[in-house]
Amino acid sequence: MRSGGLVMGLNRCNIGKYIELYKEACNNPNLTVYDVSGVNRDKEFFEPSKQVGQDTSKYKIVPPNYFACNLMHVGRDELLPIALNHTDANKYVSPAYTVFKIVENDALLHEYFFLMLKSDERDRYFWFHTDSSVRDGMSWTDFCELEIELPPLPIQQKYVDVYNAMLNNQRAYETGIEDLKLICDAYIEELRRNMPGEPIGKYIERFDERNGENGTQNVMGISVYKEFRVPTSKVNRNELSNYKIVKPRQIAFVQTTHNEKVFAYAFNNTDEDIVVSSVNEVFSTDESKLLPEFLSMFFNRIEFDRYARYHSWGSARETFTWTDLIEVKIPIVEIPIQQAISDIYTVYRERKSINEKLKAQIKDLCPILIKGSLEEAKKQVQ
């Protein structure tokens with residue numbers, strides 16, 4: 001049965017019929033980590049990217065409403081890292097990414113296709129179809145052979161609209177969160193302009209206590225997102241005796257900046273000891289003069305990443321050491337003022353965590369929306 005030129009019911013086909021590779025390079029050799037995006041496991045672009053090459057002229061452009069995916073990481077991640085550029089501006093990704101678009105057609109909306117890919121079932125399909133190479137990736141040909149069922153465009157649009165309504169609510173919440181961060185950033189900037197900075201060396205104390213034979217197994221890495229994370233590489237939890245302890249309210253940081261391109265640090269705001277690699281530095285602050293939360297606000301600024309990179313030394317492995325850290329100057333205000341602005345920043349971090357949970361819930365609803373659209377299409381032919 002047809003309606004308005006569209007086949008009512010479901011259209012079964014291979015996705016390769018509706019997608020087309022896009023290989024346009026940016027031709028800009030000087031992109032920074034703040035210009036380049038990556039794609040995470042949550043199927044989102046993230047900025048800044050962890051690192052960029054020395055020459056970025058071959059980095060690919062991802063125009064609005066185009067997709068970027070990393071087919072080489074499907075086997076490693078056990079899912080397809082893919083993102084849709086929802087913005088009105090181009091994004092830039094590493095040449096390792098595959099960029100493609102939905103060709104003009106009367107059967108598939110690009111947003112509906114993205115909804116289809118945001119499910120564990122699809123990820124299992126992609127993982128099953130990885131090749132046997134060292135990277136255990138997926139070929140473009142295999143990707144194009146993905147078989148999909150498509151309801152008519154009006155039904156696709158209906159469920160895309162539901163998804164977008166939820167997404168817009170989440171983004172409105174996210175905007176409010178960023179307003180809190182702007183308040184903190186503006187206050188910090190005002191302090192920097194109106195107060196002389198003092199070297200933080202006299203307010204912080206180096207800490208080097210090892211885990212020992214019967215210590216904690218709560219081992220963590222330090223991410224470029226300035227937080228502790230579960231180590232991405234395998235760690236022998238029976239050999240943690242030489243790892244450094246990070247006690248509650250202490251800070252640990254990575255000395256190298258060459259690969260990270262940022263000042264990678266983490267603040268232990270838990271009630272438990274954490275252990276990190278012995279190559280990292282650990283310290284505490286004199287909380288009668290400097291709160292670790294207040295200091296962290298400076299570490300979280302892009303300006304501090306630039307400072308750390310500029311003051312790093314060495315050739316093969318650029319390092320920002322303890323000696324460099326104690327020379328850092330910041331305005332030291334009274335503790336009640338530090339506490340007040342830190343409290344606002346803490347609320348920002350907590351709401352940011354809630355926002356991440358909201359995004360996870362929306363992702364979990366995607367398979368339900370797709371199922372509903374398919375069932376509605378089937379009913380039309382009964």
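The values are calculated or read from the model by the stated rules, or taken from the named source; none is laboratory data. Remember, predicted model here, so these are calculated numbers, not experimental data. For neighbour counting, all protein chains shown are included, and Cβ atoms are generated from backbone atoms with ideal geometry for every residue, glycine included.
I'm checking my understanding of the structure. Among residues of segment 282-319 that are among the acidic types (Asp, Glu) and crowded, with 20+ Cβ neighbours inside 10 Å, which one is nearest to Asn211 (Cα to Cα)?
Restricting to residues being among the acidic types (Asp, Glu) and crowded, with 20+ Cβ neighbours inside 10 Å, the top hit is Glu293.
Could you list, in sequence order, the residues of segment 317-346 that are free of Cβ contacts under 8 Å to residues at least 12 places away in the same chain and more than 30 Å from Asp179 (Cα to Cα)?
Thr323 - this is the single residue of segment 317-346 that is free of Cβ contacts under 8 Å to residues at least 12 places away in the same chain and more than 30 Å from Asp179 (Cα to Cα).
Can you run down the residue pairs with Cβ atoms below 8 Å, 6 or more apart or on separate chains, where the first is in segment 162-185 and assigned by TED's automatic domain parsing to the domain that holds Asn355 and over 16 Å from Arg349 (Cα atoms) and the partner is part of a helix (DSSP H, G or I) and of a type in the set (Asp, Glu)?
Between residues of segment 162-185 that are assigned by TED's automatic domain parsing to the domain that holds Asn355 and over 16 Å from Arg349 (Cα atoms) and residues that are part of a helix (DSSP H, G or I) and of a type in the set (Asp, Glu), the close pairs are Tyr163/Glu111; Asn164/Glu111.
What number of residues in segment 137-183 are of a type in the set (Ser, Thr, Tyr) and either surrounded by fewer than 18 Cβ atoms within 10 Å (Cβ to Cβ) or over 21 Å from Glu44 (Cβ atoms) (or both)?
Of the residues in that region, 4 qualify.
Scanning for something of a type in the set (Phe, Trp, Tyr) and within 30 Å of Trp127 (Cα to Cα), does segment 164-186 turn up at least one residue?
Taking every residue of segment 164-186 in turn, none turns out to be of a type in the set (Phe, Trp, Tyr) and within 30 Å of Trp127 (Cα to Cα).
Only one of these is within 24 Å of the chain's Cα centre (by Cα) and not in a helix (DSSP H, G or I): Asp136, Asp185. Name it.
Every option except Asp136 fails the conditions.
Considering every residue within segment 81-91, establish whether at least one is surrounded by 16 or more Cβ atoms within 10 Å (Cβ to Cβ), in contact (Cβ under 8 Å) with a residue 60 or more places away in the chain and not polar (S, T, N, Q).
no
Contact list please: Cβ distance under 7 Å, first residue in segment 100-112 and over 24 Å from Ala165 (Cβ atoms), second residue among the basic types (Lys, Arg) and loosely packed, with under 15 Cβ neighbours inside 10 Å, pairs at least six apart or on different chains.
Going by the 7 Å Cβ cut-off, there are no qualifying pairs.
Scan segment 284-306 and give yes if some residue there is under 28 Å from Asp343 (Cα atoms), in contact with a strand residue (DSSP E or B) (Cβ under 7 Å, 6 or more places away or on another chain) and assigned to a strand (DSSP E or B), otherwise no.
Within segment 284-306, one or more residues are under 28 Å from Asp343 (Cα atoms), in contact with a strand residue (DSSP E or B) (Cβ under 7 Å, 6 or more places away or on another chain) and assigned to a strand (DSSP E or B).
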